[in-house]
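Okay, so here's the structure we're looking at.
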Amino acid sequence: MMEKTLVIIKPDAVSKNLIGEIISRFERNGLRVAALKKIKMTKDEAKGFYIVHKERPFYESLTDFMSEGPIVVMVLEGENAIQKVRKIMGATNPAQAEEGTIRRDFAENIERNAVHGSDSAQSAAYEIPYFFSTLEIL
Ligand code: ATP
Ligand code: MG
């Protein structure tokens with residue numbers, strides 16, 4: 001099934017100059033960039049994006065991290081894009097991420113873990129319009 005998913009290159013990875021390396025990994029796996037921009041979220045914007053985690057103990061720390069510096073947000077399109085992106089990213093905790101995944105190679109720890117990818121079609125339907133209008137997705 002052709003799908004679209006929302007991917008974020010998080011502030012830790014952007015500050016390490018890994019934008020091109022990370023986008024290349026997705027492109028090499030057959031995903032297509034449908035929309036792309038570099039932005040910096042406010043604390044409130046980060047809280048809105050991760051609203052599903054508002055009761056979690058790491059919510060404050062996570063939203064501080066996600067608003068500490070620039071991020072790159074993109075819409076990727078491809079066959080089974082949602083699951084494919086999750087597999088290329090690797091497990092949330094880099095210590096548990098498979099070899100060759102983005103998080104295994106570039107994450108610092110379970111929080112500063114380089115990338116975000118929508119975890120379901122329902123999440124993608126919330127996350128894509130959070131950053132992009134229809135006219136920006138090509
Ligand atoms: P993402 O939603 O960013 O793609 P994920 O779906 O693998 O990651 P989630 O459970 O949705 O993981 O958690 C969202 C983000 O919150 C994680 O990517 C990570 O940055 C942070 N996080 C998750 N668990 C912890 C934790 N135990 N301690 C600190 N930060 C955490
Ligand atoms: Mg998630």
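Taken together, the values in this text are just the output of simple stated rules run on the coordinates, not laboratory data. These figures come from a predicted structure and were not determined experimentally. Positions of Cβ are backbone-derived with ideal geometry, glycine not excepted, and every protein chain shown enters the neighbour counts.
Quick look at the values:
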{"quantity": "Proximal lysine pairs, region 1-78, alpha carbons under 20 Å, eight or more residues apart or interchain", "calculated": "14"}
{"quantity": "K38-Q122 pseudo-label distance in nm [points 7 Å out on the Cα-to-Cβ vector]", "calculated": "3.6"}
{"quantity": "Label-point gap, in nm, between M2 and E55 - each point 7 angstrom along Cα→Cβ", "calculated": "3.9"}
{"quantity": "Principal axis dimensions, largest first and in whole angstrom, of region 20-98 by Cα", "calculated": "35, 29, 21"}
{"quantity": "Expected 222 nm ellipticity per residue - DSSP helices of 4 or more, -39500 (n - 2.57), all of the chain, to 500", "calculated": "-10500 deg cm²/dmol"}
{"quantity": "Cα-derived Rg over Rh, computed across the chain with Rh taken as Kirkwood radius", "calculated": "0.93"}
{"quantity": "Potential extension, E21-T92 segment - 0.36 nm per residue separation minus Cα distance", "calculated": "23.7 nm"}
{"quantity": "Per residue convex hull volume, Cα atoms of region 1-43, in Å³", "calculated": "89"}
